[in-house]
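Enquirer: Below is a structure I'd like to ask you about.
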Amino acid sequence: MRAPFPSLLRFSVLATYGLKGRGAKDEGAIKPLLGQKRNAATFKSVAKTVGLAILVVLLVADFVVIFFGTNWAMYQALKPAGLQGLLILNAAMTASFLVFFIGFATALSTYCLSSGESLLLSLPLKPKHLLGAKIVTVYLSNFLLAFLLMATAYGVYAWGEHPGPEFYIYGLLSIIALPVIPVVLSYFILVPLMSALRALRNKNAVMIVGGIVGLAFALAFNFAIQASASRLEDSAWILEHFAGPDAFLAKAGMAYLPAFIAWKASSSGLFGGALWSLANLAIGAVLAALAAIVLGPAYASSLSRFGDVKIKRIKASRGFLEKKLKARSLRFTLFMREVRNMNREPVYFINGPMIVLLMPVIVAIMVLAQGQSLGELKAMLAGLGQGPWLMLIAAASGAFLGSSTSITCTSISRDAKVLSYIKSLPIPIGEYALAKFLHGFSFSAFGAAVGVVFIGAFAGLPAPGWAGALFMALAVSAFIDVLGIWLDTANPRLSWDNPTAAMKQNLNAVIVILGTMALLGGLGVLAAFLKLGVWENLLAFGLLPALLAAGGLALYPRYAIKKIASLES
Amino acid sequence: MIRLEGVSKTYAKNGTKAVDDLSLEVRDGEIFGFLGPNGAGKTTTIKVMTGALAADSGRVEIDGLDLASKNLEAKSRFGYVGDNPELFSRLKAYEYLNFIADVYRVPDNERRERTEALASRFGISDVLSASIGSFSRGMKQKLCVVASLINDPSNWILDEPMVGLDPQSAFDLKEIMRERSKAGRTVFFSTHVMEVAERLCDRIAVINKGGIIFVGSLEELRARHGGGDETLEELFLEMTDAEEGGGK
């Protein structure tokens with residue numbers, strides 16, 4: 001018999017990260033062999049795993065490159081002054097800071113995963129175990145983040161200084177200890193908030209607050225990375241801002257004890273390092289235990305009240321019914337259902353239509369943070385205005401933004417819970433599918449216009465160029481939308497527990513986003529290679545994708561009718 | 001009238017044969033109960049009957065219209081209440097009803113009159129402007145029932161309709177079933193509640209392991225089992241136990 005806490009922790013980890021337990025594996029092993037179908041499923045799951053692994057490697061490599069570049073530049077700047085040890089202090093501070101934001105967002109979004117979680121309260125589990133399991137679960141993902149960041153700094157330091165083996169051991173212990181405190185701190189903020197504010201205790205509020213926190217963090221992180229990237233070659237600036245007596249790092253490092261201890265652990269020899277490392281581990285363990293014991297009852301209580309909703313009760317008068325219940329065309333009613341379902345589901349809205357507005361803000365931050373002269377950039381783009389290049393750049397911007405909403409490539413997946421019911425209604429599946437395309441394309445058109453205006457207005461694109469760029473952006477966006485809806489019809493994600501999985505964690509969305517980048521990159525190379533005139537460009541990058549999109553759309557309903565009929569949702 | 005002929009369905013995902021060569025006829029004006037233990041194939045049969053699932057073989061007719069070839073016309077002839085009322089949670093109740101009325105092309109005045117009457121009967125008039133996501137399971141179930149009748153269909157197909165309903169709403173639902181039957185319309189529903197089937201149904205079918213093991217009235221069932229005064233529950237257990245190989 002297993003003690004309750006390990007079982008609870010296992011459940012929490014599996015549920016939070018969507019992992020399959022050992023039982024699931026056993027179940028798979030005893031399933032009857034289904035010949036080719038099983039082989040196809042195995043191939044699909046292997047392909048999916050490999051694809052995801054590649055994505056994870058790319059993502060991790062991206063961050064490693066950023067962190068390595070930053071740390072290497074710092075090391076080069078600090079080494080001549082003999083202050084290269086500050087690299088570890090900087091990494092410890094940065095990791096603690098990042099983990100606090102990411103940990104807070106993770107703790108918030110996993111506070112109550114589903115109604116199934118509140119059923120745990122009916123089991124004979126102690127509140128401290130419930131919260132303890134949650135803290136450890138959130139800690140695990142944040143440990144990986146801290147490891148990624150700090151191991152890069154330790155690696156750079158070790159590369160240059162060749163320290164003894166104890167450096168690596170104490171480094172690992174520091175990486176284990178440091179994320180605990182920011183995660184625990186997140187719960188010291190969250191649990192009282194959730195207990196006091198009823199408005200926060202529902203899925204939508206969590207999604208909105210989490211989205212805002214995540215967005216603010218992403219923009220700030222982006223700004224910081226872009227801003228520091230432009231300063232990394234300036235050794236004097238690094239010395240002044242990181243090693244000076246009034247530097248923020250020195251002050252914060254001295255004030256934040258765990259980071260200071262991590263720094264001391266890396267530079268206090270075999271015995272001293274061991275003591276500092278153990279001190280950091282002890283602080284983390286004591287605070288985590290304290291949080292579980294002190295906050296556990298309040299956490300359990302807030303969990304039991306999570307999702308309480310107050311229904312708006314207004315007697316429907318005759319006038320209300322006359323105003324609201326009016327016949328509309330089937331196409332319009334299907335289109336409006338799509339719009340409402342998307343715009344009212346925070347996770348769909350944030351990852352769909354909102355992207356169109358968010359992307360230009362991110363690009364603007366990148367440009368501003370780089371500290372480049374906007375005038376220079378404008379002059380450079382304006383210099384392209386004589387030929388078709390500026391028009392092509394504006395078109396690429398529009399096409400990228402227009403095809404970035406992931407609406408069509410998740411459209412069938414998002415309906416997984418109601419697909420069976422939809423199929424029982426007298427709705428022509430062709431109309432249903434067309435409404436989905438029109439919904440996605442309406443946001444693509446908006447995105448394409450925003451993208452073209454963004455570049456066109458900034459760089460002073462001549463009037464005819466605006467029309468040409470918009471035409472190309474719309475054509476390429478439509479083509480990608482058509483590909484997206486074909487893909488999601490052929491391989492929809494029909495089994496999911498929360499809307500995030502239907503859209504944000506949908507492999508089809510990842511394929512389309514990466515595919516769009518590859519396609520636009522390929523078209524850019526092609527344009528540079530062909531060096532076509534304005535009209536030839538319009539034909540090649542406007543009319544051709546428009547015709548392909550029209551052809552794909554014309555063939556789509558017939559396929560959708562057949563495929564959707566065969567889906568077993 | 002609903003007719004199923006030789007319907008079979010095997011799930012591609014796991015190879016389970018849920019319905020095996022099933023034939024059934026539900027006549028106009030009758031209340032027909034569809035009974036069976038868990039996993040017997042009730043919901044699969046209903047999903048095939050409504051077009052939510054494609055049958056591997058066999059034929060489904062609604063009012064004489066073939067569901068495969070005259071898909072939309074056939075679907076317009078029934079209202080359906082599924083086993084899971086988790087529908088369109090982001091829509092408001094009135095938006096959902098208007099959507100369904102648009103799909104069935106119900107004229108403005110009829111959709112208003114039926115919404116007003118049915119919503120009032122099921123006690124959901126005051127929540128029509130609320131989001132479906134904020135509803136309890138019972139309220140969602142009531143909304144589904146109202147939506148299924150908004151086109152006044154000639155056939156009413158319900159999968160476990162009593163689940164989640166309060167006693168008053170369950171009573172109202174049974175009353176509506178009787179009213180519709182008297183008006184010559186067909187009511188087909190699945191249930192686990194034997195007392196409901198015993199009191200309400202003109203005829204019943206019992207399904208087990210994907211095949212029909214009995215179709216007829218309660219009297220016919222009793223006659224087949226020796227003509228005693230056993231309850232439907234006792235007869236049902238007797239039949240399904242026998243199928244399992246002699247019972248406990």
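The values are calculated or read from the model by the stated rules, or taken from the named source; none is laboratory data. Computed from a predicted model, the values in this text were never measured in an experiment. Reconstructed Cβ throughout: ideal geometry from the backbone, glycine too, with neighbour counts over all protein chains shown.
Enquirer: Take the residues in the stretch A:1-55 that are part of a loop (DSSP other than H, G, I, E, B) and exposed (fewer than 10 other Cβ atoms within 10 Å of the Cβ); name whichever of them is modelled with the lowest pLDDT.
Expert: Among those that are part of a loop (DSSP other than H, G, I, E, B) and exposed (fewer than 10 other Cβ atoms within 10 Å of the Cβ), it is A:L33.
Enquirer: Across the stretch A:514-535, what is the total count of residues that are at negative phi and surrounded by fewer than 16 Cβ atoms within 10 Å (Cβ to Cβ)?
Expert: Qualifying residue count, the stretch A:514-535: 14.
Enquirer: Here's a follow-up. Among the residues of the stretch A:108-119, what is the count of those that are within 22 Å of A:P4 (Cα to Cα) and part of a helix (DSSP H, G or I)?
Expert: So the count comes out to 5.
Enquirer: I would also like to ask the following. Go through (1) assigned to a strand (DSSP E or B); (2) among the aliphatic types (A, V, I, L, M); (3) closer than 30 Å to A:E345 by Cβ for B:A12 and report which single condition fails.
Expert: (1)
Enquirer: Testing A:S442 on (1) buried (at least 19 other Cβ atoms within 10 Å of the Cβ); (2) under 24 Å from the mean Cα position of the chain (by Cα), one condition comes back false. Which one is that?
Expert: (1)
Enquirer: Which is modelled with pLDDT of 85 or more, in a helix (DSSP H, G or I) and either surrounded by fewer than 16 Cβ atoms within 10 Å (Cβ to Cβ) or on the phi > 0 side of the Ramachandran plot (or both), of B:E198, B:E220?
Expert: Of the residues listed, the single one that is modelled with pLDDT of 85 or more, in a helix (DSSP H, G or I) and either surrounded by fewer than 16 Cβ atoms within 10 Å (Cβ to Cβ) or on the phi > 0 side of the Ramachandran plot (or both) is B:E220.
Enquirer: Hey, any hits in the stretch B:75-83 for a residue that's closer than 25 Å to B:T10 by Cβ, in a helix (DSSP H, G or I) and modelled with pLDDT of 95 or more?
Expert: Yes - at least one qualifying residue is present in the stretch B:75-83.
Enquirer: Of all helices (runs of 4 or more DSSP H) completely enclosed by the stretch A:120-204, which ones contain at least 2 residues that are touching a residue at least 40 places away in the same chain (Cβ under 8 Å) and basic (K, R)?
Expert: Counting at least 2 such residues, we get A:127-161.
Enquirer: Just for the stretch B:86-96: of the residues that are facing chain A (nearest Cβ under 7 Å) and within 14 Å of B:C144 (Cβ to Cβ), which one is surrounded by the fewest Cβ atoms within 10 Å (Cβ to Cβ)?
Expert: For the stretch B:86-96, the residue satisfying everything is B:E86.
Enquirer: Suppose we filter the stretch B:143-188 for residues that are crowded, with 21+ Cβ neighbours inside 10 Å and aromatic (F, W, Y); how many remain?
Expert: Within the stretch B:143-188, residues that are crowded, with 21+ Cβ neighbours inside 10 Å and aromatic (F, W, Y) number 2.
Enquirer: Which one of the conditions (1) more than 9 Å from chain A (Cβ to nearest Cβ); (2) in contact (Cβ under 8 Å) with a residue 60 or more places away in the chain does B:S76 fail to meet, given that it meets all the rest?
Expert: (1)
Enquirer: Quick check on this structure: which one of B:L118, B:L143, B:L87, B:L173 is assigned to a helix (DSSP H, G or I), touching a residue at least 24 places away in the same chain (Cβ under 8 Å) and within 21 Å of A:E338 (Cα to Cα)?
Expert: Among B:L118, B:L143, B:L87, B:L173, only B:L143 is assigned to a helix (DSSP H, G or I), touching a residue at least 24 places away in the same chain (Cβ under 8 Å) and within 21 Å of A:E338 (Cα to Cα).
Enquirer: With the requirement that a residue be at the interface with chain B (Cβ under 7 Å from one of its Cβ atoms) and surrounded by fewer than 18 Cβ atoms within 10 Å (Cβ to Cβ), what does the stretch A:331-343 give you?
Expert: A:R340
Enquirer: Answer with yes or no whether A:G253 is surrounded by 14 or more Cβ atoms within 10 Å (Cβ to Cβ), modelled with pLDDT of 75 or more and closer than 21 Å to A:L149 by Cβ.
Expert: No: the conditions fail for A:G253.
Enquirer: Restricting to the stretch B:48-72, name every residue that is within 29 Å of B:E116 (Cα to Cα), within 9 Å of another protein chain (Cβ to nearest Cβ) and either of a type in the set (S, T, N, Q) or in contact with an Asp or Glu (Cβ under 9 Å, 6 or more places away or on another chain) (or both).
Expert: Scanning the stretch B:48-72 gives a single hit, B:T50.
Enquirer: In addition: Among the residues of the stretch A:545-557, write down those that are exposed (fewer than 15 other Cβ atoms within 10 Å of the Cβ) and among the aliphatic types (A, V, I, L, M).
Expert: Scanning the stretch A:545-557 gives A:L547, A:A550, A:A554, A:L555.
Enquirer: Within the stretch B:125-134, work out how many residues are at the interface with chain A (Cβ under 9 Å from one of its Cβ atoms) and either assigned to a helix (DSSP H, G or I) or buried (at least 22 other Cβ atoms within 10 Å of the Cβ) (or both).
Expert: Residues meeting the conditions: 6.
Enquirer: Just checking, how many residues over the stretch B:90-107 are assigned to a helix (DSSP H, G or I) and closer than 25 Å to A:G430 by Cα?
Expert: Selection size over the stretch B:90-107: 9.
Enquirer: Would you please list the contacts, defined by Cβ atoms under 7 Å and residues six or more apart or on different chains, that run from a residue in the stretch B:203-232 that is touching a residue at least 24 places away in the same chain (Cβ under 8 Å) and more than 16 Å from B:G33 (Cβ to Cβ) to a residue that is of a type in the set (V, I, T) and crowded, with 18+ Cβ neighbours inside 10 Å?
Expert: Listed pairs, sorted by first residue: B:G210/B:V19.
Enquirer: What about A:L98, is it within 27 Å of the chain's Cα centre (by Cα), buried (at least 17 other Cβ atoms within 10 Å of the Cβ) and not basic (K, R)?
Expert: Spelling it out, A:L98 is indeed within 27 Å of the chain's Cα centre (by Cα), buried (at least 17 other Cβ atoms within 10 Å of the Cβ) and not basic (K, R).
So that you can scan it fast, the table gives a plain yes or no per residue for (1) under 33 Å from the mean Cα position of the chain (by Cα); (2) modelled with pLDDT of 75 or more; (3) part of a loop (DSSP other than H, G, I, E, B); (4) closer than 30 Å to B:L128 by Cβ:
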| residue | (1), (2), (3), (4) |
| --- | --- |
| A:E233 | yes, no, yes, no |
| A:A262 | yes, yes, no, no |
| A:A289 | yes, yes, no, no |
| A:L295 | yes, yes, no, no |
| A:A300 | yes, yes, no, no |
| A:R313 | no, yes, yes, yes |
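Enquirer: Out of B:I157, B:I150, I need the residue that is touching a residue at least 60 places away in the same chain (Cβ under 8 Å) and at the interface with chain A (Cβ under 9 Å from one of its Cβ atoms). Which one?
Expert: Selected residue: B:I157, the only one of B:I157, B:I150 that is touching a residue at least 60 places away in the same chain (Cβ under 8 Å) and at the interface with chain A (Cβ under 9 Å from one of its Cβ atoms).
Enquirer: Considering the stretch A:297-330 alone, what residues qualify as being among the small types (G, A, S), within 14 Å of chain B (Cβ to nearest Cβ) and surrounded by 12 or more Cβ atoms within 10 Å (Cβ to Cβ)?
Expert: The answer is A:G307, A:A316, A:A327.
Enquirer: Within the stretch A:395-449, can you find the residues that are under 17 Å from B:L87 (Cα atoms) and away from chain B (no Cβ under 14 Å)?
Expert: A:S411, A:I412, A:S413
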